[in-house]
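In what follows, a single structure is set out as structure tokens and then discussed.
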Amino acid sequence: MEAVNQSMVSEFTILGLCNSWELQAFLLVMFTFLYLITILGNIFIVLLIVTDLRLHYPMYFLLANLSFIDFFLSSVTTPKMITDFLKENKTISFGGCMCQIFFGHFLGGGEMVLLVSMAYDRYVAICKPLHYTSIMNRQMCIGLVMTSWIIGFVHSISQLAMIIKLPFCGPRELDSFFCDIPLVIKLACTDTYIQEMLINADSGVLATICFILLLVSYSFILFTVCLHSKDGASKALSTCTAHTTVVVLFFGPCIFIYLWPLSITWVDKFLAVFYAVITPLLNPAIYTLRNKEIKNAIKRLQC
């Protein structure tokens, strides 16, 4: 009976980003502003690509799906964090905590695979231009997007299954602004060494495979164009810069949060904020600001 009572956790206490009310008031305004820009920006990109027939190409189809994922990814933790700035006692229900974990890994895992799909699209476009339309056809594009959603779902379910039945007891405080597995698993009142190893292996394998595929794709692109012309190399490098910037911004925090052996609280919080708030804002901005077709589509709307 005691073990059952230990596992029946109704809520966790969230310590948040800081204790200063003045700083929390500043962060409330700043993150609310950033969140609204993220939501409106990603919705705008999706609607622009859907409505403009000149953007009905594989690259923009994948970009629209990236913005669609970022729209929801930014909404997993940011609204809760913003409302918590107004509360003295910050709590989250057990079910709400598990939902944050599930959707965070579902959308995050899906975005990793989608970034690989976008790199593959650029590889085919630059390295095999004559076969681009036949390779990146409608079925291939839909298949790539569906694969990203399926892998993200399987990854998330496997992560959640390893912690949802753990018994929790004693202190239930999360020194962060949201629920994530490395923090929640530390609160379990049992030996979690095996679960931690499996969780890190799961996240590590997915992140490593995606990262290697990205490196291979961009290496082939640069090698191919450098072999043909210096002008082509310059253009390809410009095209790949936006993609590689997004990859670094997305994978960097993930590597430190899940694979870095040392845990420094303020660093973890900073990276978590960057991953949850800043990355969904920067992703569409980086792609669109460097893309002439997107700029032209915006000008056509203004006319």
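The values are calculated or read from the model by the stated rules, or taken from the named source; none is laboratory data. These numbers come from a predicted model, not from an experiment. Heads up, the Cβs are rebuilt from the backbone with ideal geometry, glycines too, and the neighbour counts pull from every protein chain shown. Heavy atoms of the whole protein, side chains included, go into the accessibility calculation; ligands, DNA and RNA do not. Shrake-Rupley method; radii C 1.70, N 1.55, O 1.52, S 1.80 Å.
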TODO: Say whether the condition of being surrounded by 14 or more Cβ atoms within 10 Å (Cβ to Cβ), out of contact with any strand residue (DSSP E or B) (no Cβ under 9 Å at 6 or more places or on another chain) and closer than 30 Å to Tyr132 by Cβ is met by at least one residue in region 22-41.
DONE: yes
Open item on the list: Filter region 275-303 down to the residues that are at pLDDT below 80 and β-branched (Val, Ile, Thr) and list them by number.
Closed with: Ile286, Thr288
Open item on the list: Out of the residues in region 163-181 meeting the condition of being open to solvent by less than 40 Å² (accessible area, probe 1.4 Å) and of a type in the set (A, V, I, L, M), tell me which one is nearest to the chain's Cα centre (by Cα).
Closed with: Ile181
Open item on the list: Where the second residue is open to solvent by less than 80 Å² (accessible area, probe 1.4 Å) and the first is of a type in the set (Gly, Ala, Ser) and lies in region 8-35, which pairs have Cβ atoms under 7 Å and are six or more apart or on separate chains?
Closed with: Ser10/Ser93; Ser10/Phe94; Gly16/Asp84; Gly16/Lys90; Gly16/Phe177
Open item on the list: Tell me whether region 43-64 contains one or more residues that are in contact (Cβ under 8 Å) with a residue 12 or more places away in the chain and polar (S, T, N, Q).
Closed with: no
Open item on the list: The conditions are (1) touching a strand residue (DSSP E or B) at 6+ places or on another chain (Cβ under 8 Å); (2) part of a helix (DSSP H, G or I); (3) more than 30 Å from Thr244 (Cα to Cα), and Thr13 fails exactly one of them. Which is it?
Closed with: (2)
TODO: Provide a single number: the residues in region 199-217 that are among the hydroxyl-bearing types (Ser, Thr, Tyr) and surrounded by fewer than 20 Cβ atoms within 10 Å (Cβ to Cβ).
DONE: 1
Task: Subset of region 57-112 (residues that are of a type in the set (D, E, K, R) and either within 18 Å of the chain's Cα centre (by Cα) or assigned to a helix (DSSP H, G or I) (or both)) - done: Asp70, Lys80, Asp84, Glu111
Open item on the list: Any residue at all in region 179-189 that's touching a residue at least 40 places away in the same chain (Cβ under 8 Å), assigned to a loop (DSSP other than H, G, I, E, B) and within 30 Å of Ile82 (Cβ to Cβ)?
Closed with: yes
Open item on the list: Take Phe85 and tell me if it is crowded, with 20+ Cβ neighbours inside 10 Å and of a type in the set (Phe, Trp, Tyr).
Closed with: yes
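Restricting to region 182-196, count the residues that are open to solvent by less than 30 Å² (accessible area, probe 1.4 Å) and closer than 16 Å to Val9 by Cα.
If we filter region 182-196 for residues that are open to solvent by less than 30 Å² (accessible area, probe 1.4 Å), which is where we start, we get 184-185, 187-188, 192.
Narrowing further to those that are closer than 16 Å to Val9 by Cα: 184-185, 187-188.
Residues flagged as open to solvent by less than 30 Å² (accessible area, probe 1.4 Å) and closer than 16 Å to Val9 by Cα within region 182-196 amount to 4.
Of the residues Ile101, Ile135, Ile142, Ile69, only one is farther than 30 Å from Asn19 by Cβ and surrounded by 20 or more Cβ atoms within 10 Å (Cβ to Cβ); which? Spell out the reasoning first.
Details: Ile101 fails: farther than 30 Å from Asn19 by Cβ; Ile135 fails: surrounded by 20 or more Cβ atoms within 10 Å (Cβ to Cβ); Ile142 fails: surrounded by 20 or more Cβ atoms within 10 Å (Cβ to Cβ).
Testing whether each residue is farther than 30 Å from Asn19 by Cβ and surrounded by 20 or more Cβ atoms within 10 Å (Cβ to Cβ) leaves just Ile69.
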